[in-house]
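Notes follow once the structure below has been shown.
The values are calculated or read from the model by the stated rules, or taken from the named source; none is laboratory data. What you are looking at is a predicted structure, and each value in this text was computed from that prediction instead of being measured. Heads up, the Cβs are rebuilt from the backbone with ideal geometry, glycines too, and the neighbour counts pull from every protein chain shown. When the accessible area is computed, the model is the full protein with side chains, heavy atoms only, and any ligands, DNA or RNA have been set aside. Shrake-Rupley method; radii C 1.70, N 1.55, O 1.52, S 1.80 Å.
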Amino acid sequence: VQLQAFGGGAVQAGGSLTLSCAASGRSFSNNALGWFRQAPGKEREFVAAISWPGRSTNYADSVKGRFTISRDNVKNTIDLQMNNLKPEDTAVYYCAGRLQNWPVRSQGEYDYWGQGTLVTVSS
């Protein structure tokens, strides 16, 4: 099972980026998928998660109203649309999948992890 995140880059504060994560090796039908991030010198934290087929979502307070998570169940992918980016959003972003379907915040509940993609927001 592989989760491949891509779409990171450098952007100025107030700008937008869309991250994508492609899953291969298994279908994530009936499984929640999520995004986490790790800023320099900080612990990895929850960003957003989505259930299958996409009716339930969960967001960290710090990104609520700015980020939108979505999934394409045919392509087995998830996206994270990030708007109004702030310097504090700078981090390596990871996608993750879990065997259960509730979009929880605890990273210990996720069973599969992809490599990260770096997002840098300058002021």
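Going through the range 38-84 one residue at a time, which ones are in a loop (DSSP other than H, G, I, E, B), under 13 Å from residue 21 (Cβ atoms) and either in contact with a strand residue (DSSP E or B) (Cβ under 7 Å, 6 or more places away or on another chain) or open to solvent by less than 30 Å² (accessible area, probe 1.4 Å) (or both)?
Across the range 38-84, the qualifying residue is only 76.
Identify, please: which residue in the range 93-123 is in contact (Cβ under 8 Å) with a residue 40 or more places away in the chain and charged (D, E, K, R) and is, among those, least open to solvent (accessible area, probe 1.4 Å)?
98
What are the residues in the range 19-37 that are part of a strand (DSSP E or B) and surrounded by 13 or more Cβ atoms within 10 Å (Cβ to Cβ), if any?
Answer for the range 19-37, where residues must be part of a strand (DSSP E or B) and surrounded by 13 or more Cβ atoms within 10 Å (Cβ to Cβ): 19, 20, 21, 22, 23, 33, 34, 35, 36, 37.
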